Each structure stands twice: as C-alpha cells, then as structure tokens.
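Notes to accompany the following structure.
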Amino acid sequence: KAGVTQTPRYLIKTRGQQVTLSCSPISGHRSVSWYQQTPGQGLQFLFEYFSETQRNKGNFPGRFSGRQFSNSRSEMNVSTLELGDSALYLCASSPGTSGGQYFGPGTRLTVT
Amino acid sequence: GESVGLHLPTLSVQEGDNSIINCAYSNSASDYFIWYKQESGKGPQFIIDIRSNMDKRQGQRVTVLLNKTVKHLSLQIAATQPGDSAVYFCAENWAGSQGNLIFGKGTKLSVKP
C-alpha cells in the first residue's frame, strides 16, 4: 500500500496570509490526525477527523482548522499566519478503530 | 518571544552494541503506547506498539518494555546499526482520546561505526 502523502512538501508564506495543506491517508484508513512539530514545543496534536467529522481537537487557536472529505483525504487551513506558525506540519492516518498512526513526510511551512 | 529549542537527551552507542531508550509517560489512564523513529527531514516512522495489558513486546531487533507502576516505557534495539541513528519518540494514547497521541520530547540516538 502507498503511504501517507502530503502536499506541498515546502511552503513559504508571508505574515497575514493563509495556507492550505493537503493529506492523503493510507488506502482504507478513515482517521486522519494533524500535528505541528517545532524545535521549541516538539510534536503537538492539532485535530483528528474520522468519517468527515472532527472527533478531537488540540489546544490551538481557531485560526487552525481542518476538514475531511468522503474519500478520507484531509486538508488543514491556517489563516492570518504568524511567524510562530513556522513549523513542520505532519499528517497521520490510522484505521480509526484501534492501532497506530502512520505519518506522512510533512509540510515544512516557513512564515516570513 | 524567542523560542528555545528542546534539549534532546542524546544516547551515543557503538555499532553492534545494544541500545536502550527510556521514556516516562504522563497519564496513568494511557492504555496504548507507540515508539516512533524520526530521521532528519522525514516524518515519524512507526516502530512498535504495546497495549497496557502487556508488559513486553518484541519485534525485529526491537523490544518494548512497559512498567505501568512507575509509568515507564523503554525501547531496546539489539545490535545497533548506523541506520538506527535518529530521534526516537514515545507516544501515548488513552480510550476516549481518539487520534490524539501525546508525544515525549524524544531521544537522539547516535551510532558510531
């Protein structure tokens, strides 16, 4: 099976702009989780979607949002970008019932 | 304010030796644990998992030990190879917290040839 794919791999944006990141899960996986990874805070959970519904949400401001489509593909959006949003954004998929999460390669976002 | 990078614990071992990476987890209600390996420029790679009804699980060259009494997890890597050099994270999850893995700070493993 193909692994989790994320696009784009690298992105440079300016403060105040918005950005949309995309994630395609492993075929058959219905759960998609998003994480932010920074040198200062490590890996932090953003939100999780299962069957197009957000089941769980981390402690991030409302500028961070996401959605999931009927084919389980997911997008996350960050509006009004801040310098502190520069990070590696990771998507992980799982079957959704139990078991581990499998990560994609991430999208490296740089905000200038 | 200025962000300070996490100071990762580092474990340096000789090629061929066994490595033990430790992790203290935070939630006594956690019932599922995973070890991940992250190489530079890549996403975390699933290594091995264990549920709370077990105290040991073995994979290929890796063993995970779970001590629920002291909330401690360890990853043992046998015959460590240069390709094992990476940052290793433990992650925990509990019922009702779907999709939300809580990650430890990570340990950097450096293998000397």
Subject >> Sole exception among (1) farther than 19 Å from A:Gln6 by Cβ; (2) within 14 Å of chain B (Cβ to nearest Cβ); (3) not acidic (Asp, Glu) for A:Thr80, by number >> reply: (2)
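Report whether or not A:Phe64 is without any contact (Cβ under 8 Å) to a residue 40 or more places away in the chain and of a type outside the set (Asp, Glu). Talk me through it step by step, then tell me what you get.
Working: without any contact (Cβ under 8 Å) to a residue 40 or more places away in the chain: yes; of a type outside the set (Asp, Glu): yes.
Considered against the rule, which asks whether it is without any contact (Cβ under 8 Å) to a residue 40 or more places away in the chain and of a type outside the set (Asp, Glu), A:Phe64 comes out as yes.
Has the range B:18-28 got at least one residue that is of a type in the set (Phe, Trp, Tyr), touching a strand residue (DSSP E or B) at 6+ places or on another chain (Cβ under 6 Å) and not in a loop (DSSP other than H, G, I, E, B)?
Kept after step one, since they are of a type in the set (Phe, Trp, Tyr), are these residues of the range B:18-28: B:25.
The next check asks that each one be touching a strand residue (DSSP E or B) at 6+ places or on another chain (Cβ under 6 Å); those that pass are B:25.
Retained after the next criterion (residues that are not in a loop (DSSP other than H, G, I, E, B)): none.
Looking for residues that are of a type in the set (Phe, Trp, Tyr), touching a strand residue (DSSP E or B) at 6+ places or on another chain (Cβ under 6 Å) and not in a loop (DSSP other than H, G, I, E, B), one finds none in the range B:18-28, hence no.
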**OP:** Could you tell me which numbered condition B:Glu39 fails, if it satisfies all but one of (1) crowded, with 17+ Cβ neighbours inside 10 Å; (2) over 30 Å from A:Gln54 (Cβ atoms); (3) among the acidic types (Asp, Glu)?
**Re:** (1)
**OP:** Tell me, yes or no, whether the range B:97-105 has at least one residue that is within 12 Å of chain A (Cβ to nearest Cβ) and surrounded by fewer than 17 Cβ atoms within 10 Å (Cβ to Cβ).
**Re:** yes
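With the condition being touching a Pro at 6+ places or on another chain (Cβ under 6 Å), I'd like the strands (runs of 3 or more DSSP E) fully within the range A:1-81 carrying at least 3 qualifying residues. If you could, list the steps in order and put the result at the bottom.
Details: elements: A:5-7, A:10-13, A:19-24, A:31-38, A:42-50, A:53-57, A:64-68, A:74-78.
Result: empty, no element qualifies.
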Original post:
Can you name every residue in the range A:84-100 that is under 14 Å from A:Gly28 (Cβ atoms) and open to solvent by less than 20 Å² (accessible area, probe 1.4 Å)?
Top reply: A:Ser93, A:Ser94, A:Gly96
**OP:** Restrict the check to the range B:50-59 and report whether at least one residue is open to solvent by 30 Å² or more (accessible area, probe 1.4 Å), of a type in the set (Ser, Thr, Tyr) and over 30 Å from A:Tyr49 (Cβ atoms).
**Re:** no
Original post:
Do we have any residue at all in the range B:72-87 that's within 24 Å of A:Pro95 (Cα to Cα), within 12 Å of the chain's Cα centre (by Cα) and within 14 Å of chain A (Cβ to nearest Cβ)?
Top reply: no
**OP:** Confirm whether A:Gln44 is within 12 Å of another protein chain (Cβ to nearest Cβ) and free of Cβ contacts under 8 Å to residues at least 40 places away in the same chain.
**Re:** yes
**OP:** Answer yes or no: is there a residue in the range B:50-60 that is within 29 Å of A:Gly40 (Cβ to Cβ), assigned to a strand (DSSP E or B) and either in contact with a Ser or Thr (Cβ under 8 Å, 6 or more places away or on another chain) or free of Cβ contacts under 8 Å to residues at least 12 places away in the same chain (or both).
**Re:** no
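The values are calculated or read from the model by the stated rules, or taken from the named source; none is laboratory data. In this text, all values refer to a predicted model and were calculated from it rather than measured experimentally. FYI the Cβ positions are ideal-geometry reconstructions off the backbone, even for glycines, and counts take in every protein chain you see. These area figures cover heavy atoms from the full protein model, side chains too; ligands, DNA and RNA do not enter into them. Shrake-Rupley method; radii C 1.70, N 1.55, O 1.52, S 1.80 Å.
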